[in-house]
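Engineer: Supplied in structure tokens, the structure appears directly below.
The values are calculated or read from the model by the stated rules, or taken from the named source; none is laboratory data. Quick caveat, the model's predicted, so the values are computed rather than measured. Neighbour counts are summed over all protein chains in view; Cβ atoms, including those assigned to glycine, are modelled from backbone coordinates with ideal geometry. The protein model used for the area step is the full one, side chains on, heavy atoms only, and it has no ligands, DNA or RNA in it. Shrake-Rupley method; radii C 1.70, N 1.55, O 1.52, S 1.80 Å.
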Amino acid sequence: MADVPARMIEAGRIMRPAEVAVWDPFVRVFHWSVVALFVLAFVTGDDLEAIHTAAGFAIAGLVALRIAWGFVGSKPARFTSFVRGPRKVAAHLVATIRLRAKRHLGHNPAGGAMVVALLAALAATTASGIALYAGWFGKAHWLEEVHEALANLTLVLAAIHVVGVIAASVLHRENLVRAMMTGRKRPE
């Protein structure tokens, strides 16, 4: 029992931990930083170009780091730990609608799909913004429209993500927002 933390020993018995680590600090800092930076970029888009551009470049850098972390990071952060095929995502969504979805310690199949969708949308939005900033296509009005449409798509995906987080929190009686702040969840 020497290697068991004192808080897990009661009257000589090993107790189960109240919470376990799920999301590492990089994932949590990435998540909340992208939320803040996206909101900043979205509200400054037409009026404060320097702030908008800086936020966009910061998001692009964070997305690149998160993609790399999805291959070499902690086990729960790796894409192989939470990205599932369309059938499993669909089955999970049906089970959620029926209020029978299995609880997952990390991302559930729908959450994993949303991570991929949000990363792709953020990457496309920032890529189109960089192309605009660099003037690769001159003053292409169509590219401005594409950039704006991608930003709006990202916003819609974020809203769906929030609805999914609320649904899973209610269904499984746990506060997923708190878990994304602390990185910890109950083990079962």
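Engineer: Can you run phi through the Karplus equation (6.51, -1.76, 1.60; θ = phi - 60°) for the stretch 98-110 and list ³J(HN,Hα) in whole Hz, with x for Gly and Pro?
Structural biologist: 3J(HN,Hα) across the stretch 98-110, in whole Hz: 7, 6, 10, 5, 5, 7, 10, 5, x, 6, 7, x, 5.
Engineer: Quick one: compute the contact order of the stretch 28-123, relative version, from alpha carbon pairs under 8 angstrom and 6+ residues apart, as a percent.
Structural biologist: Averaging sequence separation for qualifying contacts and normalising by length gives 22 percent for the stretch 28-123.
Engineer: How much length is gained on full extension from Ala140 to Ala167, taking 0.36 nm per residue of separation minus their Cα-Cα distance?
Structural biologist: Values: separation 27, 0.36 × 27 = 9.72 nm, distance 4.11 nm.
Gain on extension, Ala140 to Ala167, equals 5.6 nm.
Engineer: Can you list the trypsin sites (Lys or Arg not before Pro) in the stretch 82-188 that are in a DSSP coil and have 12 or fewer other beta carbons within 10 angstrom?
Structural biologist: Arg98, Arg100, Lys102, Lys139, Arg173
Engineer: Still on this structure: I need the phi-derived Karplus couplings for the stretch 141-151: 6.51 cos²θ - 1.76 cosθ + 1.60, θ = phi - 60°, integer Hz, Gly and Pro marked x.
Structural biologist: After applying 6.51 cos²θ - 1.76 cosθ + 1.60, I find 5, 4, 6, 4, 5, 5, 4, 5, 5, 5, 5 Hz.
Engineer: Just to make sure I understand: if all protein chains stay in place, what is the order of Thr80, Thr125 by accessible area at 1.4 Å, largest first?
Structural biologist: Details: Thr80 115, Thr125 15 Å².
Highest to lowest solvent-accessible surface, that is Thr80, Thr125.
Engineer: Over the chain, what is the relative contact order in percent, taking alpha-carbon pairs closer than 8 angstrom and at least six residues apart?
Structural biologist: Relative contact order for the chain comes out at 27 percent.
Engineer: Something else about it: Give me the lysines in straight-line cross-link reach of Lys102: C-alpha distance below 26 Å, same-chain residues under 8 apart excluded.
Structural biologist: By straight Cα distance, Lys102 reaches Lys75, Lys88, Lys185.
Engineer: Also: Test of understanding: in a Gaussian network model of the chain with alpha carbons linked when under 10 Å, which of Ala140, Ala121, Ala77 would top the mean-square fluctuation ranking?
Structural biologist: In this elastic network of the chain, the residue with the biggest mean-square fluctuation among Ala140, Ala121, Ala77 is Ala140.
Engineer: Ignoring everything except DSSP H segments at least 4 long, calculate the 222 nm mean residue ellipticity for the chain; use -39,500 (n - 2.57) per segment, divide by total residues, nearest 500. Could you put the intermediate results ahead of the total?
Structural biologist: Working: 7 runs with 125 residues, N = 188.
About -22500 deg cm²/dmol.
Engineer: Now for a separate question. Could you give each residue of the stretch 64-70 its phi-based ³J(HN,Hα) in whole Hz, using Karplus coefficients 6.51, -1.76, 1.60 with θ = phi - 60°, and x for Gly or Pro?
Structural biologist: Working through the residues one at a time gives 4, 5, 5, 5, 4, 5, x Hz.
Engineer: Please work out how much accessible surface Leu40 shows to a 1.4 Å probe, ignoring ligands, DNA and RNA, in Å² rounded to 10.
Structural biologist: About 70 Å², ignoring ligands and nucleic acids.
Engineer: Let me ask something else. So what is the accessible area of the chain per residue, in Å², with the probe set to 1.4 Å? Don't skip to the end; give the middle numbers.
Structural biologist: Details: 11600 Å² over 188 residues.
Solvent-accessible surface per residue comes out at 62 Å².
Engineer: I need two numbers for the stretch 51-147: Rg to one decimal and Dmax as a whole number, Cα atoms only, in Å.
Structural biologist: Rg and Dmax of the stretch 51-147, Cα atoms, are 17.1, 52 Å.
Engineer: If you don't mind, there's one more thing I want to ask. Along each of the three principal axes of the Cα atoms of the chain, give the extent in whole Å, ordering the values from largest to smallest.
Structural biologist: 72, 39, 27 Å, listed from the longest principal axis down.
Engineer: Moving on. Using +1 at the C-beta of Lys and Arg and -1 at the C-beta of Asp and Glu, which of Thr126, Ser169, Phe30 has the Cα lying farthest in the positive direction of the dipole of the chain?
Structural biologist: Ranked along the dipole, the leading option is Ser169.
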